[in-house]
1. Starting from 0.36 nm per residue, how many nanometres of slack lie between residue 127 and residue 41 once their C-alpha separation is accounted for?
2. With a point put 7 Å past each Cα toward its Cβ, work out how far residue 96 is from residue 162 in nm, to one decimal.
3. For a quick check of your reading of the filter: which GluC sites (Glu not before Pro) in segment 57-138 sit in a DSSP loop and have no more than 13 other Cβ atoms within 10 Å?
4. For 136, 60, give me the order by solvent-accessible area with a 1.4 Å probe, most accessible first, ignoring ligands, DNA and RNA.
5. Remind me, relative contact order of segment 67-145 in percent, using alpha carbon pairs under 8 angstrom and six or more residues apart?
6. Using a 1.4 angstrom probe with every protein chain in place, what is the largest-first accessible-area order of 103, 114?
7. Report the percentage of all Cα-Cα pairs in segment 55-163 whose separation exceeds 24 Å, rounded to a whole percent.
8. Can you tell me how much longer the chain between residue 153 and residue 49 gets when fully stretched, taken as 0.36 nm per residue apart minus their C-alpha distance, in nm with one decimal?
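The values are calculated or read from the model by the stated rules, or taken from the named source; none is laboratory data. Keep in mind that this is a model prediction, so the values were computed, not measured. Glycine also receives a Cβ, built like all others from the backbone with ideal geometry; neighbour counts cover every protein chain displayed. Remember, those area values only see protein heavy atoms, side chains included, never the ligands or the DNA or RNA. Shrake-Rupley method; radii C 1.70, N 1.55, O 1.52, S 1.80 Å.
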Amino acid sequence: MLTLASKLKKEDGGKTGRASGASDSTYRVSIRDRLLTKEVAELEANLPSTCKASFPDEDKLHHFQLAVSPDEGYYQSGRFQFEIDVPEAYNMVPPKVRCLTRIWHPNITENGEICLSLLREHSIDGTGWAPTRTLKDVVWGLNSLFTDLLNFDDPLNIDAAEHHLRDKELCCVAVWIDPGVPPPDLSPLPSCVKPVVSKLGVKTDKALTWTKTTNV
């Protein structure tokens, strides 16, 4: 899969160091790509069973998508798509991540913005991004947003957090269904979730709900 690795190997054979006159930008891209060749291989060997990474262009490891399908918790059986872009200044700065799935989540906005401490470039509590972190940390962090990192106390989407806490016995989540995935049989939406469907801009017949039936 890692066709970029062979390409970089050939380039290394033709030069022993940074070319004279090469721009800082070009040099940084080279550093990023070399890091990603190793990190993507490590990531693919250690992906959680609930995650699947896909690369539209195998020569552009800095842009890929991640699908997370939780097997427990409030979001069990859902499928959530993330877009990950790794900037040229990596690994001094964190990857940029956006959630492509319309989801009602305390730590993800309706527009796909994500609240995850390790994606913060500057963090006073020491939990933000550091050059020692890798793509594997990012993927495991995104996966954990649906389990142990689900945070109702310091939410990015306050309305979603209040909704969840208000309806502990009937926790419903409305998301956009991937057009390529047949929707399941839907029972009538509970009244408490209808405003959420409307807020997300999702038609009722395109909404999927999960009902909390066990403690999570």
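1. Extra length from residue 127 to residue 41 when fully extended: 28.5 nm.
2. 3.1 nm
3. Passing sites in segment 57-138 are 58, 72, 113, 121.
4. Ranking 136, 60 by accessible area, largest first, yields 60, 136.
5. So the answer I get is 21 percent.
6. 114, 103
7. More than 24 Å apart: 23 percent of the Cα pairs in segment 55-163.
8. Details: separation 104, 0.36 × 104 = 37.44 nm, distance 2.79 nm.
Computed gain between residue 153 and residue 49 is 34.6 nm.
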